[in-house]
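J.: Take a look at the following structure, please.
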Amino acid sequence: MKYKNLIIETNDKICIVKINRPKALNALNVETTVEIYHCFKELENDDNIDVIIITGEGKSFVAGADISYMKNLNAVEAKEFGLSGINAFNAIENSKKIVIAALNGFALGGGCELAMACDIRIASTKAKIGQPEVTLGITPGFGGTQRFPRLVGVAKAKELIYTGKIIDAQEAERIGLVNKVVEPEFLMEEVLGMANKILENAKFAVRYSKEAIDKGLQVDKTTGMYIESSLFGLCFSTYDQKEGMLSFLEKRKATFKSK
Ligand code: CAA
């Protein structure tokens, strides 16, 4: 499928998805949220891709939902727009692929919400992150009120959402919102390095770990433990479990086949 506002680059198990509206700092209009949704649905069925990297074209990651687009929406249209973003970001969060956000610049409002739907966030020192929606007279609308407190805790999420304060990459790392901060020229090298490190491991062990973490967070701890034990058991039906354990005992590097 061809996309108007996304650039897709595929390279041996890794797909880079770039949000491409640089003149508007990659602000998300409905056309773009719908494209993100379709892109992730398409990648979900692509067996050649195991890791997806999301970043922004130009100096911004995503500067939020598109304010010019939203300005005159009525309540019903705004609800539909909110849902289009929520559906797109749920497709990312629920993907069986591992998704890494490379925060190359502004990650504000819908941009911060997009980043939070990913598994891992690596930021350049130039990134500026926050949920400034209340300064525009609205609440976060693409999942921010739900994902922010789950990631950084209720108190910090409330402080940042109520004040609309924009923080730098170092502070985002300190509060656990981003995993790592690097100089801008090393951002993609760092992200690709992490992607390749993940790809060295047994594909289904990584995939089931994601499933256990994400599904476990939605249920009580006892049910979460049951999910973990079921997926732990399922690993023993794979070639890679046999190879992983045999290679350890034979003191050699494992050769995984992801089967
Ligand atoms: N929507 C639409 N256009 C945007 C935009 C946005 N969110 N952010 C930036 N732009 C546009 C600007 O209007 C400007 O366009 P023109 O050149 O046509 O005037 C262009 O991008 C460049 O922006 P600036 O000139 O403002 O660039 P700057 O470097 O001076 O400032 C910025 C950068 C601090 C990110 C500033 O643009 C800004 O504050 N943007 C808005 C951030 C924001 O409030 N985001 C939240 C949106 S609401 C939301 O996301 C709701 C939700 O949860 C669903």
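The values are calculated or read from the model by the stated rules, or taken from the named source; none is laboratory data. The shown structure was predicted, so the numbers you read here are calculated from the model rather than taken from an experiment. Every residue, glycine as well, gets a Cβ built from its backbone with ideal geometry; the counts of neighbours run over all protein chains shown. Only protein heavy atoms, including side chains, enter the accessible area calculation; ligands, DNA and RNA are left aside. Shrake-Rupley method; radii C 1.70, N 1.55, O 1.52, S 1.80 Å.
J.: Mind checking the dipole of the chain: about its Cα centre, +1 per Lys or Arg Cβ, -1 per Asp or Glu Cβ, Debye to the nearest 20? Don't skip to the answer; put the middle values down first.
T.: On the way: 34 positive and 33 negative charges, 56 e Å.
Here the size comes out at about 280 debye.
J.: Based on Cβ point charges of +1 for Lys and Arg and -1 for Asp and Glu, what charge dipole magnitude is obtained for segment 203-249 about its Cα centre, in debye rounded to the nearest 20? It would help to have the intermediate numbers written out before the result.
T.: Numbers: 6 positive and 6 negative charges, 13 e Å.
Charge dipole of segment 203-249: 60 debye, to the nearest 20.
J.: Using only Cα atoms, find the angle between the long axis of helix 239-249 and the longest principal axis of the chain, and express it within 0 to 90 degrees, rounded to the nearest 10.
T.: On a 0 to 90 degree scale, this one is about 60.
J.: Per residue, how much space in cubic angstrom lies within the convex hull of the C-alpha atoms of segment 3-47?
T.: On the way: hull volume 2.8 nm³, N = 45.
Spelled out: Cα convex hull of segment 3-47, divided by residues, is 61 Å³.
J.: Follow-up question, since we're still on this one. Based on DSSP H runs of at least 4 residues, each adding -39500 (n - 2.57), what is the mean residue ellipticity at 222 nm of the chain after dividing by all its residues, to the nearest 500 deg cm²/dmol? Walk me through the numbers before you get to the answer.
T.: Values: 11 runs with 123 residues, N = 259.
Rounded to the nearest 500, the figure is -14500 deg cm²/dmol.
J.: Hey, another quick one. Taking the Cα-to-Cβ direction at residue 48 and at residue 225 and moving 7 Å from each Cα, how far apart do the two end points lie in nm?
T.: So the two model labels end up 4.4 nm from each other.
J.: In whole angstrom, note down how far apart the Cα centers of segment 141-207 and segment 50-101 are.
T.: Using only Cα atoms to place each centre, the spacing works out to 16 Å.
J.: Which of 104, 20, 196 moves the most in a Gaussian network model of the chain with Cα springs under 10 Å?
T.: Looking only at 104, 20, 196, the biggest GNM fluctuation is shown by 196.
J.: What's the extension gain from residue 75 to residue 242 if we count 0.36 nm per residue and subtract their Cα-Cα distance? Don't jump to the answer; show the numbers that get you there.
T.: Details: separation 167, 0.36 × 167 = 60.12 nm, distance 5.55 nm.
Result: 54.6 nm gained on full extension.
J.: Helix 221-235 sits at what angle to the longest principal axis of the chain, using alpha carbons and giving 0 to 90 degrees rounded to 10?
T.: Roughly 50 degrees, rounded to the nearest 10.
J.: Over the Cα atoms of the chain, what radius of gyration and what Dmax do you get, in Å?
T.: In Å, with Rg to one decimal and Dmax whole: 19.0, 66.
J.: Kindly express, to the nearest 10 degrees and within the range 0 to 90, the angle between helix 154-163's C-alpha long axis and the longest C-alpha principal axis of the chain.
T.: Helix 154-163 and the main axis of the chain meet at about 30 degrees.
J.: Okay, moving on. Which far-off residues, 5 or more places away or on another chain, put their amide H under 5 Å from the one on residue 103, with H placed in the peptide plane?
T.: The answer is 122, 123, 124.
J.: Under 8 Å for C-alpha pairs, at least 6 residues apart: give me the relative contact order for the chain, rounded to a whole percent. List each step's numbers first, then the result.
T.: Numbers: 454 pairs, mean separation 37.0, N = 259.
The normalised contact order for the chain reaches 14 percent.
J.: Please enumerate, by chain and number, the lysines with C-alpha under 20 Å from the C-alpha of residue 96, excluding those fewer than 8 residues away in the same chain.
T.: Cα-Cα hits under 20 Å: 13, 18, 41, 197, 203, 210, 215, 257, 259.
J.: Let me make sure I get this right: for segment 1-95, a, b and c are the square roots of the gyration tensor eigenvalues over alpha carbons, sorted descending. Under 1.5 in a/c it's rounded, otherwise prolate if a/b > b/c, else oblate. Which is it?
T.: Working: a/c = 2.63, a/b = 1.53, b/c = 1.72.
Verdict is oblate for segment 1-95.
J.: Compute and list, largest first, the equivalent-ellipsoid semi-axes of segment 82-145 from the alpha carbon gyration tensor, each √(5λ) rounded to a whole angstrom. Don't jump to the answer; show the numbers that get you there.
T.: Details: eigenvalues 73, 59, 8 Å².
Whole-Å semi-axes of the equivalent ellipsoid: 19, 17, 6.
J.: Oh, and also: Near the amide H of residue 49, under 5 Å away, which other amide H atoms are found, from residues 5 or more places off or on another chain, if H is placed in the peptide plane?
T.: Correct list: empty.
J.: Also, quick follow-up: Ignoring everything but the protein chains, give the 1.4 Å probe accessible area of residue 121 in square angstrom, nearest 10.
T.: Surface accessible to solvent at residue 121 totals approximately 10 Å².
J.: For segment 37-175, how big is Rg over Rh, using alpha carbon atoms and the Kirkwood form of Rh? List each step's numbers first, then the result.
T.: Values: Rg = 14.7 Å, Rh = 15.3 Å.
Rg divided by Rh gives 0.96.
J.: Additional query: Can you return the aspartates and glutamates within cross-link range of residue 165? Criterion is Cα-Cα under 14 Å, with same-chain partners fewer than 8 residues away left out.
T.: Counting by Cα, and skipping residues close in sequence, residue 165 has these aspartates and glutamates nearby: 133.
J.: Per residue, how much accessible area does the chain have with a 1.4 Å probe, in Å²? Walk me through the numbers on the way to the answer.
T.: Working: 13580 Å² over 259 residues.
Heavy-atom SASA per residue in the chain reads 52 Å².
J.: If Rh is defined by the Kirkwood formula over all Cα pairs and Rg also comes from Cα, what ratio Rg/Rh do you get for segment 203-249? Spell out each step's value before the answer.
T.: Details: Rg = 12.0 Å, Rh = 11.2 Å.
Result for segment 203-249 is an Rg/Rh of 1.07.
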